[in-house]
Amino acid sequence: MAEYAEVKMIEFPQRGDDRGHLVIVEGMRDIPFDIKRVFYIYGSDSTVIRGQHANKKTEFVLINISGHSKVRIKDGRGKEEIFLLDRPHTGIYLPRLIWKDMYDFSADSILLCLASEHYDPEEYIRDYRTFTEYVKEERKPE
Ligand code: TYD
């Protein structure tokens, strides 16, 4: 069976000085993939739930570079966890095949998303039952 990476929080190197803060995120150094895509989400309020999908291929790192939000993750096999993103020098690593909901955005939230792949709607799974079935099928011993 394939190896599966775990969701984890990552602390990034800081090189701030008396001029201000500087945080570094290098692909394959500070995070476990090369960055092919960057997008960011802001202007979502505390009533909005974003995400609500899993990806067949893409790995992500999410960083609240301003404000805060929460991420609820599900592995499709019964594990569910909630993470608070509230520091510009800390991110969450999301491997492929993780269901994610982003919610509870503060008014000043800017959620930076780093992705291992270019955008391809075909690799997004947006139905939860389809996701659990996909996971079950993929994790079947050969
Ligand atoms: P969506 O996946 O719903 O965003 P989120 O998961 O953050 O709630 O994306 C919203 C729209 O933007 C949807 O029409 C697809 C498009 N989109 C792209 O074209 N490229 C991208 O890299 C992303 C993340 C979304």
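None of the figures in this text is laboratory data; all of them are computed from the coordinates on show. Bear in mind that the values here come from a model prediction, so they are computed numbers and not experimental data. All Cβ positions, glycine included, derive from the backbone under ideal geometry; neighbour counts span all protein chains shown.
Going by average Cβ density within 10 Å per residue, which order do the peptides 109-118, 26-35 take, highest to lowest?
109-118, 26-35
Fewest-first ordering of R37, R96 by other beta carbons within 10 Å of each residue's beta carbon gives R37, R96.
Shown for the chain: lysine pairs separated by 8 or more places, or found on different chains, whose C-alpha atoms are under 15 Å apart, numbering 14. So who's got an amide H within less than 5 Å of the one on V48, skipping anything under 5 residues away but keeping other chains? H placed 1.01 Å off N, in plane. Counting only residues 5 or more places away or on other chains, the set is D104, F105. Cβ crowding within 10 Å ranks M102, M9 as M9, M102, fewest other Cβ atoms first. Of the residues R15, R129, R72, the one that moves most in a GNM of the chain with alpha-carbon contacts below 10 Å is R15. Find the relative contact order for the stretch 8-138 and round it to a whole percent, using C-alpha pairs within less than 8 Å whose residues are 6+ positions apart. Relative contact order of the stretch 8-138: 34 percent.
With both partners inside the chain, how many of the DSSP beta bridges are antiparallel, as a percent to the nearest 5? All intermediate terms of the calculation are to be shown ahead of the outcome.
Details: 38 of 39 bridges.
Here the share of antiparallel DSSP bridges comes out near 95 percent.
Would you mind ranking H21, H53 by Cβ crowding within 10 Å, fewest neighbours first? Could the numbers behind the result be given before it?
Working: H21 10, H53 16.
Final ranking by Cβ density, sparse to dense: H21, H53.
Can you show me the helix-derived [θ] at 222 nm for the chain, built from DSSP H runs with n ≥ 4 at -39,500 (n - 2.57) apiece and divided by the number of residues, rounded to the nearest 500. Each step should come with its number before you reach the end.
Values: 1 runs with 11 residues, N = 142.
Rounded to the nearest 500, the figure is -2500 deg cm²/dmol.
For the chain, a Gaussian network of Cα nodes joined below 10 Å ranks F39, F131, F83 by mean-square fluctuation, and the top entry is F39.
Can you tally the net charge around E11? Count Lys and Arg as +1, Asp and Glu as -1, for every other residue whose Cβ sits under 11 Å from the Cβ of E11.
Working: positive: K8, R87; negative: D30.
Local net charge: +1.
The modelled label-to-label distance between K140 and E6, using points 7 Å beyond Cα along the C-beta direction, is 2.8 nm. Around the amide H of I31, modelled in the peptide plane, lie the amide H atoms of E26, all under 5 Å away and 5 or more residues distant in sequence or on another chain.
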